[in-house]
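The values are calculated or read from the model by the stated rules, or taken from the named source; none is laboratory data. The shown structure was predicted, so the numbers you read here are calculated from the model rather than taken from an experiment. All Cβ positions, even for glycine, are placed from backbone atoms using ideal geometry, and neighbour counts span all protein chains on display.
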Amino acid sequence: MTADAAVPRASRLAAESGEPRALRSRRLLVDALLSLLAERPLEELSVAELCRRAGVNRATFYGHWADQRALAAAAFTELVDALAEVPHSELDDLDDPAAAGRYHDSLRGQLRYVLAHRTTFRALFGSSADAGFRRALTVALQRRADLAVRLWVERGVAPSDTPPEFADYLAGGLVAVLARWADGDDTDVDAAARRVEQLLPTWWPRQAPNT
């Protein structure tokens, strides 16, 4: 499965969920953005072109975002956040190798998606929109990390005195890793994921070497 295939197309999600018109328009614009980015870089796109591709008027666009960079920042924050999700309700035993595999696969999925859209992520991390993009991505991943750490503490995997700031530290570090990955030329996703996992606490659910 490709990185793109791991995230359902926005227009299909809108059609299946019976979303209100405003939200459907928003998702159509995200679809248009992803379609156009497959043809050329973010710097060459315009709001008018995005609206034509989406079949949405510019007033609707500006009701959500200031410009195409703001749309891209919001869209790619949501896409990375979706890939970061690990369904904790399905994890009965965090010591089970399958549980560790879920976290490993989530990290690889994020790295793989950034690799597939490296030019766009470079533009987002390296532009005037950088601060807003980093902040939004950090907040999204912090929420995931906070839920995970609380679960691990409840199940006795993480120490009971794990500070709440650990989730902030983890999310901020992961965003920095993704920014570095986007800016580099490395393409070995598995090796990159292993390097990141080596930085995590010993209690963090992880796969055994060579699995």
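For region 14-39: of the residues being more than 13 Å from residue 117 (Cα to Cα), touching a helix residue (DSSP H, G or I) at 6+ places or on another chain (Cβ under 6 Å) and aliphatic (A, V, I, L, M), which is modelled with the lowest pLDDT?
Filtering region 14-39 for residues that are more than 13 Å from residue 117 (Cα to Cα), touching a helix residue (DSSP H, G or I) at 6+ places or on another chain (Cβ under 6 Å) and aliphatic (A, V, I, L, M), the one modelled with the lowest pLDDT comes out as 14.
Which residues, taken from region 119-133, are closer than 11 Å to residue 72 by Cβ, among the hydrophobic types (A, V, I, L, M, F, W, C) and either part of a helix (DSSP H, G or I) or modelled with pLDDT of 90 or more (or both)?
Answer for region 119-133, where residues must be closer than 11 Å to residue 72 by Cβ, among the hydrophobic types (A, V, I, L, M, F, W, C) and either part of a helix (DSSP H, G or I) or modelled with pLDDT of 90 or more (or both): 121, 123, 124, 133.
Matching residues to (1) modelled with pLDDT under 95; (2) in contact with an Asp or Glu (Cβ under 8 Å, 6 or more places away or on another chain); (3) part of a helix (DSSP H, G or I):
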| position | (1), (2), (3) |
| --- | --- |
| 135 | yes, no, yes |
| 149 | yes, no, yes |
| 152 | yes, no, yes |
| 156 | yes, no, no |
| 159 | yes, no, no |
| 162 | yes, no, no |
| 176 | no, no, yes |
| 201 | yes, no, no |
| 208 | yes, no, no |
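For region 138-173, which positions are within 16 Å of residue 205 (Cα to Cα), among the hydrophobic types (A, V, I, L, M, F, W, C) and touching a residue at least 40 places away in the same chain (Cβ under 8 Å)?
Those that are within 16 Å of residue 205 (Cα to Cα), among the hydrophobic types (A, V, I, L, M, F, W, C) and touching a residue at least 40 places away in the same chain (Cβ under 8 Å): 147, 148, 151, 152, 157, 158.
With respect to residue 111, is the statement that it is within 11 Å of residue 181 (Cα to Cα), modelled with pLDDT of 80 or more and out of contact with any helix residue (DSSP H, G or I) (no Cβ under 6 Å at 6 or more places or on another chain) true?
Criteria not met by residue 111.
Kindly provide the set of residues from region 52-66 that are more than 15 Å from residue 21 (Cβ to Cβ) and either assigned to a helix (DSSP H, G or I) or among the aliphatic types (A, V, I, L, M) (or both), ordered by number.
52, 53, 58, 62, 66
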